[in-house]
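Chemist: Here it is: the structure, laid out below.
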Amino acid sequence: MDGREARPPPRLLDTHEERRAGPDPAEPDLSRTTRRRAQRKSPTQEPDARARRREGALTMSSISIIGLGQMARVLANRALDGAHAVEVVGRDAAKAADVAAALGRGATAGTMDAAPAGDIVILAVPAGSAVPVVSRYGDALAGKVVVDISNPFNSAATGVVTPEGTSVAQEIAKAAPASTHVVKAFNTVFGGVLAQGRPVDVFLAGDDARAKARTSAFVESIGLRPWDTGDLAMARWLEGAGVLMMGLGRHGVGAYDFSLGVTTAG
């Protein structure tokens with residue numbers, strides 16, 4: 001502790017559908033004049049990584065986002081800025097229609113009972129809802145890339161609630177059709193920071209190289225920097241990194257207006 005006044009922790013990713021559009025009262029004030037930002041160089045990627053992302057970009061055409069919370073809306077806005085077709089889906093069809101209308105730029109509203117239109121499906125739902133949602137969709141997710149952005153925090157956001165040796169993303173993969181490829185991404189970025197439009201780093205993990213390439217291409221297309229951390233088992237540690245960020249926000253940084261990133265030597 002450094003003597004700063006204790007701050008109530010916000011959710012790293014606010015994905016609750018009941019939340020209305022607009023400023024989140026649980027989010028920190030991001031308008032402060034002094035911001036702590038990690039200084040990073042632009043990452044130098046290996047040629048084969050660039051080639052994989054180019055390959056992914058050729059096959060990516062549309063994005064479905066399941067969830068209507070803050071993070072879902074921020075990602076939808078950035079996807080639209082990147083000229084992607086965006087579909088938003090929520091339990092409340094009327095609310096989904098309202099969100100799509102507010103987003104504009106051709107955003108559409110899907111329903112929970114229909115197959116997602118997107119080639120990439122972003123699960124922007126609370127961690128405890130992710131597996132039930134995937135199970136509900138069943139074969140409608142066959143052949144798609146499913147991106148899990150959740151953090152399975154305990155009530156104090158000091159640890160994860162998943163059993164040792166697994167992660168939400170791995171449990172999603174078990175519940176999904178065999179041809180569905182799950183990628184963990186975006187869980188180490190605060191929604192408020194992502195909304196600022198800065199080119200922050202996004203860590204991802206997955207078992208399928210092509211699915212990671214497509215996800216990386218999407219990440220780059222919305223002005224962010226993708227970093228591949230390895231296979232889906234690494235999702236356990238990415239979810240742990242979410243807990244680390246909450247600790248930094250409370251203590252070392254003293255605010256939640258920062259991001260984790262990679263600096264390469266040389």
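The values are calculated or read from the model by the stated rules, or taken from the named source; none is laboratory data. Just so we're clear, the structure is a prediction, and the values are computed from it rather than from any experiment. FYI the Cβ positions are ideal-geometry reconstructions off the backbone, even for glycines, and counts take in every protein chain you see. The protein model used for the area step is the full one, side chains on, heavy atoms only, and it has no ligands, DNA or RNA in it. Shrake-Rupley method; radii C 1.70, N 1.55, O 1.52, S 1.80 Å.
Chemist: Taking the Cβ of Val121 as the center, what net charge do the other residues with Cβ under 11 Å away carry, scoring Lys and Arg +1 and Asp and Glu -1?
Modeler: Taking every other residue near Val121 into account, the sum is -2.
Chemist: If you don't mind, another one. Using the alpha-carbon centroid of each, what span in Å lies between the stretch 202-262 and the stretch 128-188?
Modeler: The two parts, judged by their Cα centres, are 15 Å apart.
Chemist: Got the relative contact order for the stretch 189-234 handy, in percent, Cα pairs under 8 Å and 6 or more residues apart?
Modeler: 46
Chemist: By its C-alpha gyration tensor, with a ≥ b ≥ c as the square roots of the eigenvalues, how is the stretch 96-191 shaped: rounded for a/c under 1.5, else prolate for a/b larger than b/c, else oblate?
Modeler: oblate
Chemist: Label points 7 Å out from Cα along the Cβ direction at Asp207 and Val262: separation in nm?
Modeler: 2.3
Chemist: When the solvent-accessible surface of protein heavy atoms is calculated with a 1.4 angstrom probe, in what order do Glu239, Glu164 fall, highest first?
Modeler: Ranked from most to least accessible, the order is Glu164, Glu239.
Chemist: Does a label point 7 Å from the Cα of Leu248, set along Cα-to-beta-carbon, have any residues of the stretch 189-219 with amide nitrogen under 20 Å, and which are they?
Modeler: Once the point is set 7 Å along Cα→Cβ of Leu248, 189-205 turn out to lie under 20 Å by backbone N, inside the stretch 189-219.
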